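Below is one structure, written out as structure tokens, with a few remarks after it.
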Amino acid sequence: MKNDRVNFGSKLGVILASAGSAVGLGNIWRFPYEAGQHGGAAFILIYLVCVFVLGMPIMISEFLIGRRSRANTAGAYKVLAPHSPWRWVGFMGVLAGFLILSYYSVVAGWTLEYILEAGVNGFAHKSATDFKSAFIAFSQNPVRPLVWLIGFLLMTHYVIVKGVKKGIERFSKVMMPLLFILILILVFCSLSLPGSNKGVEFLLHPDFSKVNSEVFLGAMGQAFFSLSLGMGCLCTYASYFSKDTNLSRTAFSVGVIDTFIAILAGLIIFPAAFSVGISPDAGPSLIFITLPNVFQQAFIGAPVLSYIFSLMFYILLALAALTSTISMHEVVTAFIHEEFDISRTAAARWVTGGCIVLGIFCSLSLGILQHIKLFGLGFFDLFDFVTAKIMLPLGGMFISLFTGWYLDRKLVEDEVTNGGTLKVPFLKLYIFILKYIAPIAIALIFINELGLLS
Ligand code: PHE
């Protein structure tokens, strides 16, 4: 079959680009504060179950929908289920991608401020309290975060218009391994801080008495968010996969890499937070307060090291965020480009422009627009809640129903086994999960959270 859509260049490129989408602020920023707010170890256990039982099969489904249809996520449903309402799953995904990109870029922008701060050695001789007040002052400033937000979206825009292979793939190949090494170094630093063992305990000793429906919803939402699932992101990437990409193995690699990095991030943040007496439920500000302190404390006798490591870390964090924003942007850009028949560059401009506007509201909602609340939440929190905890799991539920019930079984098996050439050991289990377990589990978590069961 001839197709003029570009492909990723290599097997490693496929895994790294998908892992680049998955690994981002979700692992290093969102996972620790969600785990911190929901009691630590018990949340993490539920999270792991969500990743491997719900996440893996749904990821394989997204892959197969994308590769089979070779279209953007809404187009994919039109190809595989013509004239049916399934395309709304695609539309919802595109909308979710757009909304996530808007508030995610706010936090991604913060990483740029921290690069600058690390670069001018602004962390030196500061205490934990200084970091806290500095972060509050910065995030509530009406101008500075906006400049970074716009800067970050323009960087994303630039990579998107350069195209798939040159931009995304080349980028992920260098970045991911570097980030991983630096994270490992930081784990050791954090564990060496005095009093860090309390943080390790928080991570490893589950307290099930704190588990309620909110913990389940939080863990499920975090699993979808962190794996970039439920909005057609990996589906869009898979439309650039080649015919011999092993879908189930790629999904497994991405799941393992993503989870590993989240747990390592936890091993950096919690020991550090407990060591300086910062509460683990500090919320979205958690890593921006604890981390600069780790760099200061861990290398007390060697300021050069603390300078180099902090600068490198924020650069890599920004790059990890960038590989994720690229993937969200790509979902929306591919959709507008292919469905409305306008050029890729023009489509990308609309997406970037729209996200700048929404992102400004999200950013200001942490400062001067603090008093504006919808359903009790400011824009930033509302966007996060609606996307991660509602739209992504709902998207995941529909994706599993679509693959489990709607799609022809032969087609599904054919895609997962690459036309029968691959042996996939869990194929039957995978289909069983998609048909029954995933939709029922997601529905139960929703119903439970809405209080309909109590
Ligand atoms: N998975 C990304 C992260 O952890 C965020 C993301 C969500 C990316 C949804 C794409 C789609 O940072």
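The values are calculated or read from the model by the stated rules, or taken from the named source; none is laboratory data. From a predicted model like this one, the values you see are computed outputs, not experimental measurements. All Cβ positions, glycine included, derive from the backbone under ideal geometry; neighbour counts span all protein chains shown.
Taking the condition over 25 Å from Asp281 (Cα atoms), within 16 Å of the ligand (Cβ to nearest atom) and aliphatic (A, V, I, L, M), does Met155 pass? So Met155 fits the description; yes.
One residue is enough: does segment 246-255 have a residue meeting the conditions touching a Ser or Thr at 6+ places or on another chain (Cβ under 8 Å), hydrophobic (A, V, I, L, M, F, W, C) and within 16 Å of the ligand (Cβ to nearest atom)? Scanning segment 246-255 turns up at least one residue that is touching a Ser or Thr at 6+ places or on another chain (Cβ under 8 Å), hydrophobic (A, V, I, L, M, F, W, C) and within 16 Å of the ligand (Cβ to nearest atom). Residue selection: Leu311 fails the criterion of being surrounded by fewer than 24 Cβ atoms within 10 Å (Cβ to Cβ) and within 16 Å of the ligand (Cβ to nearest atom).
Looking across segment 325-360, just one residue is without any contact (Cβ under 8 Å) to a residue 40 or more places away in the chain, assigned to a helix (DSSP H, G or I) and over 17 Å from Gly97 (Cα atoms), and that is Ala346. Within segment 407-426, the set of residues being outside any loop (DSSP other than H, G, I, E, B), free of Cβ contacts under 8 Å to residues at least 24 places away in the same chain and surrounded by 12 or more Cβ atoms within 10 Å (Cβ to Cβ) comprises Glu413, Asp414. Tallying residues that are surrounded by fewer than 24 Cβ atoms within 10 Å (Cβ to Cβ), within 29 Å of Gly199 (Cβ to Cβ) and among the β-branched types (Val, Ile, Thr) within segment 213-271 yields 5. For segment 252-266, a residue qualifies if it is under 15 Å from the mean Cα position of the chain (by Cα), within 11 Å of Ala19 (Cα to Cα) and not charged (D, E, K, R), and the qualifying residues are Val254, Gly255, Val256, Ile257, Thr259, Ile261. Screening Cys50 against (1) over 24 Å from Lys173 (Cβ atoms); (2) within 11 Å of the ligand (Cβ to nearest atom); (3) not polar (S, T, N, Q) leaves a single unmet condition, (2).
Of the set (1) part of a helix (DSSP H, G or I); (2) farther than 20 Å from Val332 by Cβ, all apply to Phe123 but (1).
When segment 9-68 is filtered for residues that are of a type in the set (Val, Ile, Thr) and in contact with a Cys (Cβ under 7 Å, 6 or more places away or on another chain), only Ile65 remains. Within segment 295-302, is there a residue that is at pLDDT 90 or above, within 29 Å of Ser127 (Cβ to Cβ) and either out of contact with any Cys (no Cβ under 8 Å at 6 or more places or on another chain) or among the β-branched types (Val, Ile, Thr) (or both)? No, segment 295-302 has no match at all. Would you confirm whether or not segment 260-278 contains a residue that is within 16 Å of the ligand (Cβ to nearest atom) and without any contact (Cβ under 8 Å) to a residue 12 or more places away in the chain? Within segment 260-278 (the criterion being within 16 Å of the ligand (Cβ to nearest atom) and without any contact (Cβ under 8 Å) to a residue 12 or more places away in the chain), the answer is yes, since at least one residue qualifies. Residue count for segment 296-324 satisfying the condition of being of a type in the set (Ser, Thr, Tyr) and in contact with a Gly (Cβ under 8 Å, 6 or more places away or on another chain): 2.
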